[in-house]
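The structure appears below as structure tokens.
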Amino acid sequence: MKWRDLYCGAVRIADVGRTVAVAGWVARRRDHGGLIFIDLRDHTGLIQLVVNPERSADAAQAAHAIRSEFVVRAQGEVVNRAPDAVNPNIATGEVELQVDELEVLARSEPLPFQLDDDGVEEPLRLRYRYLDLRRDRMQRNLRLSATVIAAIRRSMEERGFIDVWTPTMTLGTPEGARDFLVPVRLQPGNFFALAQSPQLFKQVFMIGGLDRYYQIATCWRDEDLRADRQFEFRQLDLELAFPTREEVLDVLELIVVASFEALGRTPPPRPFPRLGYAEVMLRYGSDKPDVRFGLEIQDATEVTRTSDFGVFANAECVRFLVVPTAFSRAQLQRLEELAKGWGAKGLAYVVVGESGELRSPIAKFLSAQELAAFAAPPGSTVLFAADKPAMVERVLGALRTELAQELGLIDHSRNEFLWILDFPLFLKDEDTGNWMFVHHPFTNPLEGHEDLIDTDPGAALSQHYDLVWNGWELGSGSIRIHRQEIQERVFRAMGMTDEEAQAKFGWFLEALQMGAPPHGGFALGIERFVALLAGEANIREIIAFPKTASGLDPLTGAPAPTTQERLSELGIRLQTPPG
Ligand code: ASP
């Protein structure tokens, strides 16, 4: 027996008169005392079944026992609906199935939540993910994801990239997160790290002459989970031999375009704008700026050097934002609390009232020249941050996005893709005082900046580039170091001794000495990209089985304790033994 002839959502006027079988889940059952109507659902949509005891007494009997989410097969004749029963909102709304045979294939317990309830809490949705997956939102998101990934693969194959698998269990790969460790029974006391990315393997592919590699690679990073972060996620990981930076950016832009086109959308215009790191940090206080709104940060360090307001005069850096609202005292207090939460000592302000009058505890200290530099239209507020540049950037950058959201300044119809270029090679780690890589330690300095690695690491710029979409970092890449001697200097600048570098990366330094071509690549975060394409603010909405914010899988109950036997085999003793 064939389970079904047509998908539920595929039955049309052209099928009227045919006898067909459909199968799916019961979305709704309405008993009209005599006639029973059942909406039967599969991934394509709904078809209305009509069970008439006069047509089939057996079917009517079966229909009485049917409840929501039972799995049912129905066979019958496709007929036109009566004109007043036509439902223009669904694709099958002009027809219905007059049922001859009705069979319950699987029953369902009463559900923990109704599938048409949009307010279900996330833990419950994840606990019963199989029910959640039946809903339109997850069906749509997972299918959209598959469409995009297929387009990406096509695009890569067309450009001569080959898909090569790399190991999950490896040595630590420094991407700035903690590794997940995997104990090894055959070598107690030794651990694999789950790859934070295939970074070094893909570089080795270039040394191995593969020329163009890609992979939809799963990466593992032990970090706090957020709306755009999971322990495990996928990257479109790619690497090219002998590339210019522009060639790498071009590949990525074409992938974005192919993805938009696969979804039938108008792609963003190419080339995407390119902005320097220093410029975006100044104007937006962020290396992943959302440029769908203005609210740009302005610098006032020069003009405040001789200020009578000591906080300004003494600060390393003074910058401000002009917000198109004259805030009340209470609102300003709240903003100051927010700013303090981000690390600011305070939040100086000048409110320009509707008729141009100034409200500000600091205005009396400001010279005419300063006031002219901060001039703002009536009905606005100038908000200042005065501190070290990094703090000023952090506070004003965060205020900028917060206020844009609160004041509804974001134009959600816009899609703004941006390249951020010319990142610094290192930033100082405030805790250790060490120079820390900004991207990863395999990133090449800008041509001509090689000597700065030793003489002035903080001034060296790198060939690292980030792709940003509407304020989300979609991915990063770089032209890599392909000369062993430069690689060693970068390790040294990071405070590694040569012995440490050998112990950790000796195998790779060796590979760099045996004919490493110039190479570079990129990794695009698939979940972030797909979430934005799906219009979702959280990547959990496009992942079939995500972990909750606290790192649990409510469906399976993972992670879970293990037994003393397993631990002994692995040579592990817990500080708190399993209970
Ligand atoms: N491995 C890098 C990352 O995961 C990407 C790259 O440099 O290609 O961010």
Practice problem: Could you grab me the full set of residues in the range 71-86 that are free of Cβ contacts under 8 Å to residues at least 40 places away in the same chain and aliphatic (A, V, I, L, M)? | Solution: 82, 85, 86
Quiz item: Is there a residue being open to solvent by less than 70 Å² (accessible area, probe 1.4 Å), of a type outside the set (Gly, Ala, Ser), out of contact with any His (no Cβ under 8 Å at 6 or more places or on another chain) and not in a loop (DSSP other than H, G, I, E, B) anywhere in the range 7-14?
Solution: yes
Quiz item: Just one of the numbered conditions (1) open to solvent by 50 Å² or more (accessible area, probe 1.4 Å); (2) of a type outside the set (Phe, Trp, Tyr); (3) within 16 Å of the ligand (Cβ to nearest atom); (4) closer than 30 Å to residue 547 by Cβ is not true of residue 431; which one?
Solution: (3)
Practice problem: Taking residue 550 as the residue in question, decide whether it is within 16 Å of the ligand (Cβ to nearest atom), hydroxyl-bearing (Ser, Thr, Tyr), open to solvent by 10 Å² or more (accessible area, probe 1.4 Å) and touching a residue at least 12 places away in the same chain (Cβ under 8 Å). | Solution: no
Self-check item: the range 223-257, subset of a type in the set (D, E, K, R) and open to solvent by less than 50 Å² (accessible area, probe 1.4 Å), residue modelled with the lowest pLDDT
Solution: 228
Quiz item: Which of the residues that make up the range 462-492 are within 18 Å of residue 434 (Cα to Cα), in contact (Cβ under 8 Å) with a residue 60 or more places away in the chain and open to solvent by 20 Å² or more (accessible area, probe 1.4 Å)?
Solution: none
Practice problem: Could you list all residues from the range 197-228 that are more than 13 Å from the ligand (Cβ to nearest atom) and basic (Lys, Arg)? | Solution: 212, 226
Quiz item: Given the structure, is residue 577 open to solvent by less than 70 Å² (accessible area, probe 1.4 Å) and either over 30 Å from residue 483 (Cα atoms) or modelled with pLDDT of 95 or more (or both)?
Solution: no
Quiz prompt | Condition met for residue 518 (closer than 23 Å to residue 422 by Cα, away from the ligand (no atom under 16 Å from the Cβ) and touching a residue at least 12 places away in the same chain (Cβ under 8 Å)) | solution = no
Practice problem: Enumerate the pairs (first residue in the range 340-353 and in contact (Cβ under 8 Å) with a residue 12 or more places away in the chain and at negative phi; second residue anywhere and hydroxyl-bearing (Ser, Thr, Tyr) and not in a loop (DSSP other than H, G, I, E, B)) with beta-carbon separation below 6 Å, excluding pairs fewer than 6 apart on the same chain, so at least 6 apart or on different chains. | Solution: 349/381; 351/381; 352/380
Quiz prompt | Test: residue in the range 18-33 that is modelled with pLDDT under 95 and either in contact with a Lys or Arg (Cβ under 8 Å, 6 or more places away or on another chain) or not acidic (Asp, Glu) (or both) | solution = yes
Quiz item: Taking the range 443-482 only, how many residues are of a type outside the set (A, V, I, L, M, F, W, C), more than 16 Å from the ligand (Cβ to nearest atom) and closer than 12 Å to residue 424 by Cα?
Solution: 4
Quiz prompt | Search result, residues across the range 15-28 that are open to solvent by 70 Å² or more (accessible area, probe 1.4 Å) and in a strand (DSSP E or B) | solution = 19, 25, 28
Exercise. Could you tell me which residue of the range 366-414 is least open to solvent (accessible area, probe 1.4 Å), considering only residues that are farther than 27 Å from residue 537 by Cα and acidic (Asp, Glu)?
Key: 370
Quiz item: In the range 76-89, is there at least one residue being in contact with a helix residue (DSSP H, G or I) (Cβ under 6 Å, 6 or more places away or on another chain), over 28 Å from residue 130 (Cβ atoms), open to solvent by 50 Å² or more (accessible area, probe 1.4 Å) and part of a loop (DSSP other than H, G, I, E, B)?
Solution: no
Quiz item: Checking residue 233 against (1) over 18 Å from the mean Cα position of the chain (by Cα); (2) of a type in the set (A, V, I, L, M, F, W, C); (3) within 12 Å of the ligand (Cβ to nearest atom), which test does it fail?
Solution: (1)
Quiz item: Take the residues of the range 177-189 that are open to solvent by less than 60 Å² (accessible area, probe 1.4 Å) and under 30 Å from the mean Cα position of the chain (by Cα): which is farthest from residue 573 (Cα to Cα)?
Solution: 177
Exercise. List the number of the failed condition for residue 529; all other conditions in (1) assigned to a helix (DSSP H, G or I); (2) open to solvent by 10 Å² or more (accessible area, probe 1.4 Å); (3) within 16 Å of the ligand (Cβ to nearest atom) hold.
Key: (2)
Quiz prompt | strands (runs of 3 or more DSSP E) (entirely within the range 407-504) containing at least 1 residues that are modelled with pLDDT of 95 or more, of a type in the set (Gly, Ala, Ser) and under 30 Å from residue 290 (Cβ atoms) | solution = 472-479
Quiz prompt | Candidates 555, 509, filtered to the one that is more than 16 Å from the ligand (Cβ to nearest atom) and closer than 30 Å to residue 433 by Cβ | solution = 509
Quiz item: Do you know which of the residues in the range 364-406 that are touching a helix residue (DSSP H, G or I) at 6+ places or on another chain (Cβ under 9 Å) and part of a strand (DSSP E or B) is farthest from residue 297 (Cα to Cα)?
Solution: 387
Quiz item: Do we have any residue at all in the range 149-159 that's assigned to a loop (DSSP other than H, G, I, E, B), closer than 25 Å to residue 466 by Cβ and open to solvent by 40 Å² or more (accessible area, probe 1.4 Å)?
Solution: yes
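The values are calculated or read from the model by the stated rules, or taken from the named source; none is laboratory data. Nothing here was measured: the structure is a model prediction, and the numbers come from that model. As a convention, Cβ positions derive from the backbone with ideal geometry for all residues, glycine included, and neighbour counts pool all protein chains shown. Each accessible area value is taken on the protein alone, full model and side chains, heavy atoms only, with ligands, DNA and RNA left out. Shrake-Rupley method; radii C 1.70, N 1.55, O 1.52, S 1.80 Å.
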